[in-house]
Amino acid sequence: MLQQTQVAAVVPYYNRWLRRFPTIRSLARATESDVLHAWQGLGYYARARNLHRCSKLIDEKFGGIFPSDPNELKSLPGIGRYTANAIAAFAFDQPLPLVEANTGRVLARLFNVRDPIDSSSGRRKLWESSAKLVCSKPARDFQNAMMDLGSLICIVRNPRCQICPVRKFCRVRDPASLPRKRKRAAIVPLIESHRLCTIGDALLLEQCYQRWRGMWILPRLELDGLKPSSLSPRPIHTSVFPFTNHRVTLRVYRQRAHHVDPRVQRWFRKEELNAIPIPSPHRRAINAFFTSKRAAESHRKRSLE
Ligand code: SF4
């Protein structure tokens with residue numbers, strides 16, 4: 001959960017997740033829809049799918065016991081060198097190198113690594129530096145201390161070198177200039193149009209097979225070839241959200257349900273929507289629609305009284 005996501009945002013999800021899936025076996029036996037539902041709002045859904053596949057493998061191959069060997073950990077879906085070493089260090093107290101955002105910054109400065117830290121040479125140097133430093137007693141305290149050093153002392157801007165406990169070992173002369181990073185890919189704007197169709201309080205949704213595979217989204221809308229009369233002239237909802245290096249503008253149009261594809265589309269009653277996985281940008285659009293519908297209905301009632 002913590003990959004690409006801040007701790008404060010993760011805590012409520014983590015607690016809810018553990019209440020819903022208290023054991024590896026309970027996660028392994030859940031449906032993918034349940035897992036995606038518990039994850040919705042955190043984004044990067046590949047992590048949830050990997051965690052689900054991972055729990056099934058641990059259940060089948062390791063008898064439900066989480067492996068502690070980093071090589072066995074790396075054989076599990078979604079677990080690379082960093083996650084394997086982090087699990088082995090924090091859960092099993094093994095002295096293994098670790099490089100993440102905070103420790104990467106500390107290591108780049110301590111060892112004066114001038115290569116971009118997201119280049120292969122920069123990454124290699126950071127991992128080698130971490131391997132030189134790591135100590136075995138107790139390994140998890142060492143890694144916690146490195147992370148704390150990065151988040152409290154060796155901070156991104158204005159590092160507090162005057163009070164730094166490792167100052168005399170530090171090789172960098174101009175700490176604020178490190179770490180270096182490669183130029184980021186340009187942000188690509190993208191417009192996505194979807195339709196919102198209702199019958200009474202039932203809403204038409206479509207199962208997604210691409211970005212949010214397995215989740216339910218508002219049906220995609222191909223604007224080309226549509227009769228102008230079948231579509232509201234303006235979107236009823238517009239929002240913007242980031243996705244990898246894209247800036248996606250979501251536009252939702254009110255439309256009559258003249259065509260339903262039963263292979264991928266389904267009607268859901270309003271009360272059912274909370275129990276199915278829907279990605280946040282689409283859930284926000286749906287909630288905004290029902291809120292304004294409710295407000296319009298109560299306004300109409302009041303004006304009739
Ligand atoms: S001396 Fe400064 S640059 Fe070096 S590790 Fe400490 S805070 Fe970071």
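Observations on the structure shown:
- Verdict on Arg234 being assigned by TED's automatic domain parsing to the domain that holds Gln207, in a loop (DSSP other than H, G, I, E, B) and without any contact (Cβ under 8 Å) to a residue 40 or more places away in the chain: yes
- Answer from Ile163, Ile153, Ile217 - the residue that is at pLDDT 95 or above and more than 16 Å from the ligand (Cβ to nearest atom): Ile217
- Enumeration of residues in segment 276-305 that are over 16 Å from Arg195 (Cα atoms), under 20 Å from the mean Cα position of the chain (by Cα) and of a type in the set (A, V, I, L, M): Ile276
- Members of segment 96-135 found to be closer than 28 Å to Ser68 by Cβ and aromatic (Phe, Trp, Tyr), listed by number: Trp127
- Residue, farthest from Ala131 (Cα to Cα), within segment 76-86, restricted to residues that are open to solvent by 30 Å² or more (accessible area, probe 1.4 Å) and in contact with a Lys or Arg (Cβ under 9 Å, 6 or more places away or on another chain): Gly78
- Residues satisfying the criterion are absent from segment 190-210 (criterion: touching an Asp or Glu at 6+ places or on another chain (Cβ under 6 Å), open to solvent by less than 30 Å² (accessible area, probe 1.4 Å), away from the ligand (no atom under 16 Å from the Cβ) and in a loop (DSSP other than H, G, I, E, B)).
- Among the candidates Lys183, Lys168, residue that is near the ligand (Cβ under 9 Å from one of its atoms) and either outside the structural domain of Arg220 (by TED's automatic domain parsing) or in a loop (DSSP other than H, G, I, E, B) (or both): Lys168
The values are calculated or read from the model by the stated rules, or taken from the named source; none is laboratory data. Quick caveat: nothing in here was measured; it's all calculated off a predicted structure. All Cβ positions, even for glycine, are placed from backbone atoms using ideal geometry, and neighbour counts span all protein chains on display. Surface accessibility is based on the protein's heavy atoms, side chains included, excluding ligands, DNA and RNA. Shrake-Rupley method; radii C 1.70, N 1.55, O 1.52, S 1.80 Å.
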